[in-house]
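One structure is given here, and the rest of the page talks about it.
The values are calculated or read from the model by the stated rules, or taken from the named source; none is laboratory data. A quick note: this is a predicted structure, and the numbers were derived from the prediction, not measured. Glycine gets a Cβ as well: all are built from the backbone with ideal geometry, and neighbour counts include every protein chain shown. Just so you know, the surface numbers come from the protein's heavy atoms only, side chains and all, with ligands and any DNA or RNA stripped out. Shrake-Rupley method; radii C 1.70, N 1.55, O 1.52, S 1.80 Å.
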Amino acid sequence: MYIKKLLWAVALIGIVIFAYFAYFVYSTMFEPNTAFNNEEAYIYISTNADYIEVRSQLAPLLINIEKFDALARQKKYVSNIKPGKYIIKKGMTNNDIINSIRSKNLPITVAFNNQETFEDLAGRIANQIEADSLSLLNVMTSEEFLKTNGFNPMTALGMYIPNTYEFFWNTSAKQFRDRMLKEYHRFWNESRISKAKALNLSTNQVMTLASIVQKETAKVDERPRVAGVYINRIKVGMPLQADPTVIYAIKEKSGDFNQTIKRVLYKDLELDSPYNTYKYAGLPPGLITMPDISSIDAVLNYEKHDYYYFVADVTNFGYHKFAKNLSQHNRNREEYVRWINQQGVNR
C-alpha cells in the first residue's frame, strides 16, 4: 500500500513537472511577447553584431526578455546573428520573432538628389544605410576605381544618377558604389549614348552640361530650352558664359560650398578658374552639381531654336526671357538688373 502511494505521488509530481515544462515551452515559443503599442517595430542589426547588441534592442520591445533568451539559445540564434533591418509585429511570439530576425532582412528605400559634392552625397547616403560617410567617401573617390571606369575626380559625381533605389540596410560602402556603377550603365542605354554621339559629346560632357542646366533653372519644362541655348553656343564656338559655373568656381576656390551667392559681380568674371565659362570657352572640366534625370534628358533632347541668350524673367519668377540677339538680350537684362537692385541683392 505504501509503495502504491509512493508511486502515485511520484507520478503526480511527474505530471506537475511535465505540465510546468509544457507550459514553459508553450509560453516561451507560442505566447505573444511584444510590449509595444504600435502595430510594428523595427530593429537594425549591424554587421558583426553579437547577441548582446541584438538583445539590447529587443529588451524594450518584449514583455519577457528572459524567455526570449531561452528560445534563442535553444534555436542557436545566439551564435547565428544576421545583419540587416527586421520587422517585429505586435503580438508576435518569440518563435515568430526569431524566425523574422534570422531570415527576413527587409529592403529599404534609398533616395538622393542634387548633391554638390561627394561629401554631401556620402552624408546623405550614410543617413540611410549602415555604411558611414567616411567609408563611402573613400570608395567613391578611389583613384583606382575612377580610372578603371573612365572617371576622374571632376566627373565622378556624374556616376550617381539621382533616383530612388532599393537596398538592404546593411549594404557596405563598396556594395553601394558598385551598385551605382551598374545603375549608371543601365541609365546610359543605347538610345542615350546615340543621342550624346549625335551632339559630339561624351557621356561625361553631357553630364557636365546637364549640371549647368540643373543650376540655371528649377523649372523642368524649361530645361530643354535652356539646354538648347548652350548647344547653340557650343555649335558656333561662343563661350557658355553661365553664371552657375562662376558661382561654383568661387566656391571651389574658397573651399566653402555652403556659402550662398545670389548675384555674380563683374569682378567674379575675372576669376581664373577652368570653371569660369566667361573666361574659358567650352565646357568646364567637370560637373558643378549632380543633375536630375530631367536635366540630363533635356540636354539629350534639347529644344531646337535660334536663342543664344537668356536672363531671369522678373514677371514670371522661376522662368527666363530668351533672346536671339545681343540687343534684345541687353534690354531683357536691364529689366532684370533694375529689379535685383530694387531688392537690395548685392551678393
Excluding ligands, DNA and RNA, the carbon-plus-sulfur percentage of the accessible area of the chain with a 1.4 Å probe reads 53 percent
The long-range amide H neighbours of Leu62, using H built 1.01 Å from N in the peptide plane and a cut-off of under 5 Å, are Ala35
Note: Met238 to Phe317 extended length (0.36 nm per residue) minus current alpha-carbon separation gives 25.7 nm
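What do you get for GluC sites (Glu not before Pro) in segment 248-347 restricted to DSSP loop and a cutoff of at most 11 other Cβ within 10 Å of the site's Cβ? Before the final figure, lay out each step's value.
Details: sites: Glu252, Glu270, Glu303, Glu334, Glu335; in loops: Glu303.
Qualifying residues, ordered by number: none.
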Per residue convex hull volume, Cα only, segment 42-97, in Å³ is 73 Å³
Here the averaged projected area of segment 25-137, based on the convex hull of its alpha-carbon atoms and given in nm², is 7.8 nm²
With R₀ set to 35 angstrom, the calculated FRET efficiency between the beta-carbons of Trp339 and Lys253, to the nearest 0.05, is 0.75
Stretched fully, the stretch from Asn138 through Leu271 gains (0.36 nm per residue minus C-alpha distance, one decimal, in nm) 44.8 nm
Note to self: C-alpha centroids of segment 252-287 and segment 129-187 sit apart, in Å, by 27 Å
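Only Cα pairs under 8 Å and at least 6 apart count here; give the relative contact order of the chain as a rounded whole percent.
Numbers: 497 pairs, mean separation 49.8, N = 347.
With pairs under 8 Å counted, the relative contact order is 14 percent.
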Projected onto their principal axes, the Cα atoms of segment 228-331 stretch, largest extent first, over whole-Å spans of 37, 31, 28
Measuring from the longest principal axis of the C-alpha atoms of the chain, the long axis of helix 203-216 (C-alpha) lies at a number of degrees, nearest 10, equal to 80 degrees
Sorting Asp221, Asp297, Asp50 on solvent-accessible surface, 1.4 Å probe, most exposed first, gives Asp221, Asp50, Asp297
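State to the nearest 20 debye the size of the charge dipole of the chain about its Cα centre, where the only charges are +1 on K and R beta carbons and -1 on D and E beta carbons. Kindly include the intermediate steps, with their values, before the conclusion.
Details: 42 positive and 35 negative charges, 116 e Å.
Rounded to the nearest 20 debye, it is 560 debye.
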Of all C-alpha pairs within segment 118-203, those more than 20 angstrom apart amount in percent to 36 percent
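How would His320, His185 rank on accessible area, largest to smallest, probe 1.4 Å? Could the numbers behind the result be given before it?
Details: His320 30, His185 105 Å².
These residues rank, largest area first, as His185, His320.
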In the structure shown, of Lys215/Lys304; Lys262/Lys321; Lys235/Lys267; Lys174/Lys197, the pairs separated by more than 23 angstrom at the C-alpha atoms are Lys235/Lys267; Lys174/Lys197
Quick shape summary for segment 187-274, equivalent ellipsoid via Cα gyration tensor, semi-axes whole Å in descending order, reads 26, 15, 13
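For a quick check of your reading of the filter: which chymotrypsin sites (Phe, Trp or Tyr not before Pro) in segment 30-67 sit in a DSSP loop and have no more than 16 other Cβ atoms within 10 Å?
Answer in residue order: Phe36.
Write out the chymotrypsin sites (Phe, Trp or Tyr not before Pro) in segment 139-248 meeting two conditions: DSSP loop, and at most 16 other Cβ atoms within 10 Å of their Cβ. Walk me through the numbers on the way to the answer.
Working: sites: Phe145, Phe151, Tyr160, Tyr165, Phe167, Phe168, Trp169, Phe176, Tyr184, Phe187, Trp188, Tyr230, Tyr248; in loops: Phe151, Tyr160, Trp169, Trp188.
In loop regions of segment 139-248 (DSSP not H, G, I, E or B), the sparsely surrounded chymotrypsin sites (Phe, Trp or Tyr not before Pro) are Trp188.
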Expressed to two decimals, the chain has a Cα Rg over Rh, using the Kirkwood radius, of 1.25
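Work out the P(r) tail for segment 103-256: percent of alpha carbon pairs separated by more than 18 Å, whole number. Working shown, then result.
On the way: 7572 of 11781 pairs.
Summing the P(r) of segment 103-256 above 18 Å gives 64 percent of all pairs.
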